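The values are calculated or read from the model by the stated rules, or taken from the named source; none is laboratory data. Every value quoted in this text rests on a predicted model; they were computed, and no experiment measured them. Here Cβ is always computed from backbone atoms with ideal geometry, including for glycine, and neighbour counts include all displayed protein chains. Areas reflect the complete protein model, heavy atoms only, side chains present, ligands, DNA and RNA absent. Shrake-Rupley method; radii C 1.70, N 1.55, O 1.52, S 1.80 Å.
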Amino acid sequence: AGLAWSLAVLVKWVPLLFVPLLALAGPRRWLAWFAAGAAGVAVAATWRYGGHWLSAFGPLAANAAQETSYAIPHRLQELGLPRALALALCLGGFGIAYVLLARQARAGRVRLALTGCLFLLATPWLAAWYTAWVVPLAAAEEDRAARLLAFALCVYLAPQAVPT
């Protein structure tokens, strides 16, 4: 499983959000397999592209500096909060929630869907298709709060994806 998660990062960076929670809950061999897979990916990428593959992280930083109109930090700005304060509230709230979710993961309850939903509420760059990260997780997990929040995100973002 750890190896599969390391390979998932090749498709999208989002699995990195969940790795610490899985590592806290899983056996040490999970983390060892993840580290081995990540090292293999880094070696293969460096062999193929040199150090240029690291520039793939640039667009992530650029997107974080932008925002979409449906993002909660943007909505807070529309209410009159300065951008920096809106971002600080959302990211700080997510940080606190992530620590609490990490404590639950350490106790054996990994809540990936809820983690993903809360991340989507905090990000300044929010698109409707991002719900594809959380809906399958919410469907698979026995977590009513995550299912309700995933559904609410889908409803909230529907007008962004489907013109009315």
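A few points about this structure:
- Scope the stretch 115-160; condition among the β-branched types (Val, Ile, Thr) and open to solvent by less than 40 Å² (accessible area, probe 1.4 Å); matching residues: Thr115, Thr123, Thr131, Val134
- Criterion applied to Leu54, Leu17, Leu3 was being among the aliphatic types (A, V, I, L, M) and touching a residue at least 60 places away in the same chain (Cβ under 8 Å), and the one residue passing it is Leu17.
- Of all residues in the stretch 92-109, those that are touching a residue at least 24 places away in the same chain (Cβ under 8 Å) have Cβ atoms under 8 Å from Cβ atoms of residues that are surrounded by 14 or more Cβ atoms within 10 Å (Cβ to Cβ) and β-branched (Val, Ile, Thr), 6 or more apart or on another chain, in Leu101/Thr115.
- Some residue of the stretch 75-84 being touching a Phe, Trp or Tyr at 6+ places or on another chain (Cβ under 8 Å) and modelled with pLDDT of 95 or more: no
- Counting the residues of the stretch 8-56 that are under 28 Å from Trp125 (Cα atoms), of a type in the set (Val, Ile, Thr) and open to solvent by less than 80 Å² (accessible area, probe 1.4 Å) gives 4.
- Being closer than 20 Å to Ala23 by Cα, surrounded by fewer than 19 Cβ atoms within 10 Å (Cβ to Cβ) and small (Gly, Ala, Ser) is a description that applies to Gly95.
- Total residues in the stretch 2-21, condition in contact with a Phe, Trp or Tyr (Cβ under 6 Å, 6 or more places away or on another chain) and either of a type in the set (Phe, Trp, Tyr) or not in a helix (DSSP H, G or I) (or both): 2
- Check on Ala71, buried (at least 16 other Cβ atoms within 10 Å of the Cβ), without any contact (Cβ under 8 Å) to a residue 60 or more places away in the chain and either in contact with a Lys or Arg (Cβ under 7 Å, 6 or more places away or on another chain) or not aromatic (Phe, Trp, Tyr) (or both): yes
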